[in-house]
Amino acid sequence: MIKKRILITGGAGFIGSHVVREFVNKYPEYQIVNLDALTYAGNLENLKDIEDKSNYTFVKADITNAKHIVEVFREYQPDGVIHLAAESHVDRSISDPLAFVMTNVIGTVNLLSAAHDIWKDNYEGKRFHHVSTDEVYGTLGETGLFTENTAYDPHSPYSASKASSDHFVRAYQDTYGLPIVVTNCSNNYGPNHFPEKLIPLCIHNILNGKPLPIYGDGKFTRDWLYVVDHAKAIDLVFHQGQIGDSYNVGGFNEWQNIDLVKELCKQMDEKLGKPTGTSVQLITFVKDRPGHDLRYAIDATKINKELGYEPSVTFEQGLSKTIDWFLNNQDWLDNVTSGGYQKYYEIQYQG
Ligand code: NAD
Ligand code: DAU
C-alpha cells in the first residue's frame, strides 16, 4: 500500500536526482513523482539506475505553466512536495535575469498555489519543503557565519529570485496556513554536477588540458557540502523539521576558490598518474563576476542540535569520490558538454 505520495520538482538535475534516488531507494512504500521540464540542466541519464522502480514516476512539466501544474497536482494528489526545480547558475542569471524570475519566482508561486488548491480543506499530514540557498543571506566579511536569523541581502539576480521565492513560501504559510519548511544550503559538489559550476568545470578542463578560469583574485570563499549529504539533510527536515521553520544546511567546510582548485589539481594529477604540479599550471585568472559575493559560510548548529544532522564524508573523501565519478563517467560529461554548452562557454569566458 502507498503510504505517501511525494512530488519532487527538479529531480533530473544535479541535487534533485540525488534526492529522488535517496527517497526511491529508502522509502519503497512511498510513490515518488519527479516533475521536471528537462532544461539544459536536467538529464534523465542521472536517474538511469532507478527509472524502472515501481515507486517512481517521471512527469515532464514546466513549473511556469500554472494550468499544467494544477492538472499534475490533481492527477497525482501528492501529500508532500520537495521543490528543487530552479534556474541555478549565478553567471547565467547575470545574462538572463528574467528566466530566473519566471522559474524561481513565478514557478514557485504556481507550485504553492497548486498545493493550496488540493490541500486547503485538510492540511493534516501535508508538507511543502522548499529547497533554497545560503546565497539569499548575501555576503559575509572575513568572519561570522550565516544563521537562520541572518537578514536576507541578495546581490545577484539568482539570489534575488531565490530570496523572493523564500518570501512567497513563508507568505503562503502566514496567509493560508500552508505547512512549509525551508532549507538553505551551502555550495554542493559531487556526481552529476553540471560543468558550468566551478568544480566540475575544472575537472572537465583538466581532462581536456584547458585553462582553469579563476574569477578575480581567487580569494572568494565558499562552504562545500557533498551532494548526497544535502539529500540526507532534506530527508531529515522533510520528515522531522518543525513546520514553518528554516534550517541552514552545511558542513563547516570553507575553502577559498584558489586553494580548492589547487587541491583539485593535486588529486587529479595523482589519479591521472601525472607529475604533481601538472594541472595547477592550467590556472588562469580571469575577469571577476559582477556583484561577486566574497564569502559564504553556514552555521549548521540548528539542524545538528535539533535533528542530529551530520555530513557523512569529509571534504577530501567527497572530492575524491567526485573525481572518481567523473573519471568513470566521461560519456556523461561528453554528452552534457556537446551542443549548447559550447556556445555558453564561448560567451561566458570570451576575452
Ligand atoms: P540544476 O540546475 O542542476 O537543476 C535544476 C533542475 O530544475 C533541472 O533538472 C531543470 O531541468 C529543472 N528546471 C529548471 N527550470 C524548470 C522549470 N521551469 N520547470 C520544471 N523544471 C525546471 O540545479 P541544482 O544545482 O541541482 O539545484 C537544485 C536546487 O537547489 C535549486 O533550487 C537551487 O537553488 C538549490 N541549491 C543549489 C545549490 C548548489 O550548490 N547547486 C546549493 C543550495 C541550494
Ligand atoms: O551557495 C550555494 C550556491 O552555490 C547555489 O545556490 C547555486 O545554485 C550554486 O550554483 C552555487 O553558486 P556559486 O556561484 O557559489 O557556485 P559556482 O560554482 O558558480 O562558483 C563557485 C565560486 O567559484 C564562486 O566564488 C565563483 C567562482 N568561479 C566560478 C566559476 C564558474 C570561478 O572562479 N570561476 C569559474 O569559472
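How do the strands (runs of 3 or more DSSP E) wholly within region 9-128 filter down when requiring 2 or more residues that are over 23 Å from I243 (Cα atoms) and within 15 Å of ligand 1 (Cβ to nearest atom): which remain?
It comes to 30-36, 56-60.
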From the residues in region 278-298 that are out of contact with any helix residue (DSSP H, G or I) (no Cβ under 7 Å at 6 or more places or on another chain) and outside any loop (DSSP other than H, G, I, E, B), which one is nearest to ligand 1 (Cβ to nearest atom)? R295
Just to be sure before I move on: is P154 within 16 Å of ligand 1 (Cβ to nearest atom), touching a Lys or Arg at 6+ places or on another chain (Cβ under 6 Å) and assigned to a loop (DSSP other than H, G, I, E, B) in the structure I sent? no
Across region 299-319, what is the total count of residues that are touching a helix residue (DSSP H, G or I) at 6+ places or on another chain (Cβ under 6 Å) and either open to solvent by 30 Å² or more (accessible area, probe 1.4 Å) or charged (D, E, K, R) (or both)? 2
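Each row is one residue, and each column tells you yes or no for (1) in the same structural domain as E135 (by TED's automatic domain parsing); (2) among the acidic types (D, E); (3) touching a Lys or Arg at 6+ places or on another chain (Cβ under 9 Å); (4) in contact (Cβ under 8 Å) with a residue 12 or more places away in the chain.
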{"site": "P275", "(1), (2), (3), (4)": "no, no, no, no"}
{"site": "T284", "(1), (2), (3), (4)": "no, no, no, yes"}
{"site": "A300", "(1), (2), (3), (4)": "no, no, no, yes"}
{"site": "D324", "(1), (2), (3), (4)": "no, yes, yes, yes"}
{"site": "D331", "(1), (2), (3), (4)": "no, yes, no, no"}
Does any residue of region 88-98 turn out to be away from ligand 2 (no atom under 16 Å from the Cβ) and either in contact with a Phe, Trp or Tyr (Cβ under 6 Å, 6 or more places away or on another chain) or closer than 30 Å to R222 by Cβ (or both)? yes
Can you tell me which condition T175 does not meet? The list is (1) away from ligand 1 (no atom under 12 Å from the Cβ); (2) among the polar types (S, T, N, Q); (3) in contact with a Ser or Thr (Cβ under 8 Å, 6 or more places away or on another chain), and all the others hold. (3)
For the subset of region 246-269 comprising residues that are assigned to a loop (DSSP other than H, G, I, E, B) and within 14 Å of ligand 1 (Cβ to nearest atom), which member is surrounded by the most Cβ atoms within 10 Å (Cβ to Cβ)? G250
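Which of the strands (runs of 3 or more DSSP E) contained wholly in region 179-231 include at least 2 residues that are aromatic (F, W, Y), under 27 Å from D49 (Cβ atoms) and open to solvent by 10 Å² or more (accessible area, probe 1.4 Å)?
Working: elements: 180-185, 187-189, 212-215, 221-226.
Once the strands (runs of 3 or more DSSP E) in region 179-231 are filtered for at least 2 residues that are aromatic (F, W, Y), under 27 Å from D49 (Cβ atoms) and open to solvent by 10 Å² or more (accessible area, probe 1.4 Å), what remains is 221-226.
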Does L111 meet the test of being over 14 Å from H155 (Cα atoms) and open to solvent by 40 Å² or more (accessible area, probe 1.4 Å)? no
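The values are calculated or read from the model by the stated rules, or taken from the named source; none is laboratory data. Keep in mind the model is a prediction, meaning the values are calculated, not measured. Backbone-built Cβ (ideal geometry, glycine too); neighbour counts: all protein chains shown. Each accessible area value is taken on the protein alone, full model and side chains, heavy atoms only, with ligands, DNA and RNA left out. Shrake-Rupley method; radii C 1.70, N 1.55, O 1.52, S 1.80 Å.
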